[in-house]
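Participant: Encoded as structure tokens, here's the structure I'll be asking about.
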Amino acid sequence: MNFNQVLLIVNPISGDLDKKQLIQRVRNYAKTYDLTLHLFATTGKKDTEKIQQRIESHKIERIVAIGGDGTINLVANAIKNYDIPLGIIPAGSANGLATNFNIPESLDQQVEIAFGSTIFEMDLLKINDDICLHLSDLGLNAELIQNYEESRFRGKIGYLLQSLPTLLKSEYPFEFEVETNFKKRETSGALLAIANANKYGTGANINPAGKMNDGLFEIIIYKKLDIKEIIKTIRNETDIHSDVVETFQVKEARITCKKPVAFQIDGEFKGENSEVKISIMDEKLKILVPADFTSEALPA
């Protein structure tokens, strides 16, 4: 291995997994290869600054993150100006980024990949003042995430339990105005997604044509809730009827809403917003991926 100093970043409260076993497995692997491992547990207080301090003080060459999409987003924000590869040990409630990179469920394989050498350089989106790695949306799904965060049930069962109450209470359709380089359009729908990647953590593929390294992102508008068409996304079918879903690719966009709408980035509820600005960042994020992933993700 051409690196020695490793920073292991752990979110102790993400998902419903016991992190002790995960940490120990990473420690054992690092010890086997005589790597120096530094442990950092997030607290929600100045984590970005603390991570950067450890990178500087220990001359970190590899980062491994244990957590969900929110944790990976936090780490990405901290290291966006550093040329350091990031390995993922998915341990959140919905691990969307790991799903998009085909990270396997086996912990041993996850650790091998995180310490491996296959690197994918992915685009980063800037949404208002935040970073987005894979998916953000306004509307129904963000309302579901809000309800999930306010509930006491974790994991996928928590999302399932909140699905019906969210549908019953939601005031969709929502009114959106989307302004791009091409034109300005007004539309309405149950959900407007901003997609850098393909899939939600559930595996639902809402953006089959998207690539995470092409310098573009997709805006996807679900104009109405059609169960038959939604099932197509779960099955990875691409012939979704245009009356139900509209998709277009852009480099930057501005979205405004007639009234504030629930908004989430990478699985983290961001409150209700009436204006969202999106652009591709100059920085790239180096992610450790399975050896066969690059054959699936065509180069830009």
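Participant: Scanning region 54-81 for residues that are of a type outside the set (A, V, I, L, M) and more than 21 Å from Asn196 (Cα to Cα), which turns out surrounded by the most Cβ atoms within 10 Å (Cβ to Cβ)?
Facilitator: Ranking the qualifying residues of region 54-81, first place goes to Arg62.
Participant: Quick check on this structure: which one of Ile103, Ile84, Ile55, Ile60 is in the same structural domain as Leu22 (by TED's automatic domain parsing), in contact with a helix residue (DSSP H, G or I) (Cβ under 9 Å, 6 or more places away or on another chain) and under 18 Å from Asp266 (Cβ atoms)?
Facilitator: Unique residue meeting the criteria: Ile103.
Participant: Same structure, new question: Residue by residue through region 173-186, note down the ones that are in contact (Cβ under 8 Å) with a residue 40 or more places away in the chain and either loosely packed, with under 15 Cβ neighbours inside 10 Å or of a type outside the set (S, T, N, Q) (or both).
Facilitator: If the condition is that a residue be in contact (Cβ under 8 Å) with a residue 40 or more places away in the chain and either loosely packed, with under 15 Cβ neighbours inside 10 Å or of a type outside the set (S, T, N, Q) (or both), then Pro173, Phe174, Glu175, Phe176, Glu177, Val178, Glu179, Asn181, Phe182 are the ones that fit.
Participant: Turning to a different aspect of this structure: Considering every residue within region 55-66, establish whether at least one is within 18 Å of the chain's Cα centre (by Cα) and of a type in the set (D, E, K, R).
Facilitator: Among the residues of region 55-66, not one is within 18 Å of the chain's Cα centre (by Cα) and of a type in the set (D, E, K, R), which makes the answer no.
Participant: Another question, if that's okay. I'm told Lys286 meets every condition in (1) at pLDDT 95 or above; (2) outside any strand (DSSP E or B) except one. Can you identify the failing condition by its number?
Facilitator: Among (1) at pLDDT 95 or above; (2) outside any strand (DSSP E or B), Lys286 violates only (2).
Participant: Kindly list, by first and then second residue, each pair from a residue in region 253-270 that is under 20 Å from Gly70 (Cβ atoms) to a residue that is crowded, with 24+ Cβ neighbours inside 10 Å and among the aromatic types (Phe, Trp, Tyr), limited to pairs with Cβ atoms under 7 Å and residues at least 6 apart or on different chains.
Facilitator: Lys270/Phe263
Participant: Still on this structure, please answer the following. Among the helices (runs of 4 or more DSSP H) confined wholly to region 41-130, which include 2 or more residues that are more than 19 Å from Glu283 (Cα to Cα) and at pLDDT 95 or above?
Facilitator: Output list reads 47-58, 107-114.
Participant: Go through (1) at pLDDT 60 or above; (2) surrounded by fewer than 19 Cβ atoms within 10 Å (Cβ to Cβ); (3) assigned to a loop (DSSP other than H, G, I, E, B) and name the single condition His241 misses.
Facilitator: With respect to (1) at pLDDT 60 or above; (2) surrounded by fewer than 19 Cβ atoms within 10 Å (Cβ to Cβ); (3) assigned to a loop (DSSP other than H, G, I, E, B), His241 is out only on (1).
Participant: Which residues, counting only those in region 28-37, are buried (at least 16 other Cβ atoms within 10 Å of the Cβ) and either outside any helix (DSSP H, G or I) or of a type in the set (Phe, Trp, Tyr) (or both)?
Facilitator: Within region 28-37, Tyr29, Leu35, Leu37 meet the criteria.
Participant: Where residues in region 255-266 are of a type in the set (Val, Ile, Thr) and buried (at least 24 other Cβ atoms within 10 Å of the Cβ), which of them is nearest to Ala193 (Cα to Cα)?
Facilitator: Ile265
Participant: Please pick out the residue among Leu22, Leu8 that is surrounded by 18 or more Cβ atoms within 10 Å (Cβ to Cβ) and either outside any helix (DSSP H, G or I) or among the acidic types (Asp, Glu) (or both).
Facilitator: Leu8
Residue by residue, here is whether (1) at pLDDT below 90; (2) within 25 Å of Asn81 (Cβ to Cβ); (3) crowded, with 16+ Cβ neighbours inside 10 Å holds:
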| site | (1), (2), (3) |
| --- | --- |
| Gly189 | yes, no, yes |
| Ile194 | no, yes, yes |
| Lys211 | no, yes, yes |
| Ala253 | no, yes, yes |
| Glu296 | yes, no, no |
| Ala300 | yes, yes, no |
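The values are calculated or read from the model by the stated rules, or taken from the named source; none is laboratory data. Source: prediction; values computed, not measured. Positions of Cβ are backbone-derived with ideal geometry, glycine not excepted, and every protein chain shown enters the neighbour counts.
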